[in-house]
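The values are calculated or read from the model by the stated rules, or taken from the named source; none is laboratory data. In this text the structure is predicted, and so the values were computed from the model without any measurement. Positions of Cβ are backbone-derived with ideal geometry, glycine not excepted, and every protein chain shown enters the neighbour counts. Note: accessible area is taken over every heavy atom of the protein model, side chains too, but ligands, DNA and RNA are not part of it. Shrake-Rupley method; radii C 1.70, N 1.55, O 1.52, S 1.80 Å.
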Amino acid sequence: RALDVLWPRLGCTSAEFVRDAHAPFGRVAPEALLNGIPPVVSDRGGLPDAANGGGFVLPLPERITPESREVPSAAEVAPWTDLCERLMTDDVFYADACARAIEASGRYQPAALRREVLMFFARVFRAPGPTPGPFATPAGV
């Protein structure tokens, strides 16, 4: 099972760094939040939204893209390394970051997700006319 691999890794994780230059959303940040681990994500794609205010959002240089093969300079990665060092050395800062992660994880708790899904389908079933969104009936069918 995937969780058999995931839990031991998260159990020894203090912070989760996600620099993906093109992730539309991903599961890494929500999984970190659910485990009280502050995610450190790039400002690209859906990662800032996935962190839900419970982590840290840091910039990637504009020139870093999924197609680029350039290595960021020391100055460009300094915010990442500085934050990593502070999370490892400042116990009060780290404890606060973990508390924010736990608070932000509420969005991903099963009860909250269940409520969102039920509300979505309630709107779909009550809506007059054609079904909106990805469940719309194709024209001519």
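Kindly check whether there is at least one residue in region 51-65 that is of a type in the set (S, T, N, Q), in contact (Cβ under 8 Å) with a residue 12 or more places away in the chain and under 16 Å from residue 29 (Cα atoms). First the steps, then the outcome.
Initially, region 51-65 is screened for residues of a type in the set (S, T, N, Q), giving 52, 65.
Now restrict to residues that are in contact (Cβ under 8 Å) with a residue 12 or more places away in the chain: 52, 65.
Next, only the ones that are under 16 Å from residue 29 (Cα atoms) stay: 52.
Yes, region 51-65 contains a residue that is of a type in the set (S, T, N, Q), in contact (Cβ under 8 Å) with a residue 12 or more places away in the chain and under 16 Å from residue 29 (Cα atoms).
Identify, from the list 57, 41, 71, the residue that is closer than 18 Å to residue 100 by Cβ, among the β-branched types (Val, Ile, Thr), at pLDDT 85 or above and open to solvent by 30 Å² or more (accessible area, probe 1.4 Å).
Working: 41 fails: open to solvent by 30 Å² or more (accessible area, probe 1.4 Å); 71 fails: closer than 18 Å to residue 100 by Cβ.
So the residue among 57, 41, 71 that is closer than 18 Å to residue 100 by Cβ, among the β-branched types (Val, Ile, Thr), at pLDDT 85 or above and open to solvent by 30 Å² or more (accessible area, probe 1.4 Å) is 57.
Can you name the number of the only condition in (1) modelled with pLDDT under 80; (2) open to solvent by less than 60 Å² (accessible area, probe 1.4 Å); (3) acidic (Asp, Glu) that residue 4 fails?
(2)
Any residue in region 96-113 that's in contact (Cβ under 8 Å) with a residue 12 or more places away in the chain: show its pairings with residues that are exposed (fewer than 13 other Cβ atoms within 10 Å of the Cβ) and part of a helix (DSSP H, G or I) at Cβ separation under 9 Å, as long as the two are six or more apart or on different chains.
From residues that are in contact (Cβ under 8 Å) with a residue 12 or more places away in the chain, the pairs are 107/113; 107/116.
Could you please find all residues in region 88-117 being closer than 14 Å to residue 37 by Cβ, of a type outside the set (Asp, Glu) and loosely packed, with under 13 Cβ neighbours inside 10 Å? Talk me through it step by step, then tell me what you get.
So the first thing to find is which residues in region 88-117 are closer than 14 Å to residue 37 by Cβ, and the list is 88, 94-105, 108.
When the remaining residues are screened for being of a type outside the set (Asp, Glu), the result is 88, 94-95, 97-102, 104-105, 108.
Answer for region 88-117, where residues must be closer than 14 Å to residue 37 by Cβ, of a type outside the set (Asp, Glu) and loosely packed, with under 13 Cβ neighbours inside 10 Å: 88, 95.
Please indicate, with yes or no, whether at least one residue in region 77-87 is surrounded by fewer than 18 Cβ atoms within 10 Å (Cβ to Cβ), closer than 22 Å to residue 34 by Cβ and touching a residue at least 24 places away in the same chain (Cβ under 8 Å). Before the answer, list the steps.
Step one: list which residues in region 77-87 are surrounded by fewer than 18 Cβ atoms within 10 Å (Cβ to Cβ), which gives 77-79, 81-82, 84-86.
In the following step, the residues that additionally are closer than 22 Å to residue 34 by Cβ were identified as 84.
Now narrow it down to the ones that are touching a residue at least 24 places away in the same chain (Cβ under 8 Å): 84.
Checking region 77-87: at least one residue is surrounded by fewer than 18 Cβ atoms within 10 Å (Cβ to Cβ), closer than 22 Å to residue 34 by Cβ and touching a residue at least 24 places away in the same chain (Cβ under 8 Å).
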